[in-house]
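Each remark here refers to the structure printed beneath this line.
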Amino acid sequence: DCKKGFTKRSMLNIHRRVHTGEKPYSCPDCGKSFARSSTLTTHRRIHTGEKPYTCPECEKCFGHSATLSRHLQTHKGEKSYKCTRCEKTFNNGSSLMRHQRVHTREKPYSCSECGNSFMDKSSLISHQRIHTGERPYTCPDCGKSFAQRSVLSTHRRVHTGEKPYTCPDCGKSFAQRSVLSTHRRVHTGEKP
């Protein structure tokens, strides 16, 4: 038996789930269950692509406060790992190694299904969804699912009306960079 004490009954009830294994909060997108509603809320960001934590230094967004905290360390102190090819600097050796693949074209992560290779593990995981059919990122507005978070982010502009890509020649805005590139041919006269 556990000797932990709590000042609130609600906290005791939540703690009891450690012992009972009860997980009453289920994700409607993938069915995964959690003991706390707050953990479910955080988990659902995997599907929605929501990133509510923004870095005050560089405005990069994150889904978890802990990830933002780790990221903030990259803005502190001296960046002592320097790329010999392009002079970019990094806080740690693993980040430098990952970056150097841009120059070496090394692709150490291979897909066991088709043999395609990738520079980083996250690209391999994203690619493998082609084979598994997994679409973990769901639009909260219409329920459509996507294999990649970036594709969900682009799709959500259908609902928000956001058009972040503006033509420097005429000021017309577009939801996708590729559509802007196609549009610019109107001004340049370039043929596809």
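Read the figures in this text as sums done on the coordinates, not as results from a lab. In this text the structure is predicted, and so the values were computed from the model without any measurement. Glycine gets a Cβ as well: all are built from the backbone with ideal geometry, and neighbour counts include every protein chain shown.
If you go through the range 164-191 and keep only what is over 23 Å from L152 (Cα atoms), β-branched (V, I, T) and surrounded by 11 or more Cβ atoms within 10 Å (Cβ to Cβ), you end up with just V186.
The set of residues from the range 71-88 being surrounded by 11 or more Cβ atoms within 10 Å (Cβ to Cβ) and within 23 Å of the chain's Cα centre (by Cα) comprises H71, L72, T74, H75.
Of the listed requirements (1) surrounded by fewer than 16 Cβ atoms within 10 Å (Cβ to Cβ); (2) in contact with a helix residue (DSSP H, G or I) (Cβ under 9 Å, 6 or more places away or on another chain); (3) farther than 30 Å from H155 by Cα; (4) not β-branched (V, I, T), M97 misses just one: (2). If you go through the range 26-49 and pick out every residue that is exposed (fewer than 14 other Cβ atoms within 10 Å of the Cβ) and within 28 Å of N92 (Cα to Cα), you end up with 0. The residue that is nearest to the chain's Cα centre (by Cα), among those in the range 22-55 that are farther than 21 Å from C139 by Cβ and in a loop (DSSP other than H, G, I, E, B), is C55. For the residues E134, E113, the requirement of being surrounded by 13 or more Cβ atoms within 10 Å (Cβ to Cβ) and either part of a strand (DSSP E or B) or acidic (D, E) (or both) singles out E134.
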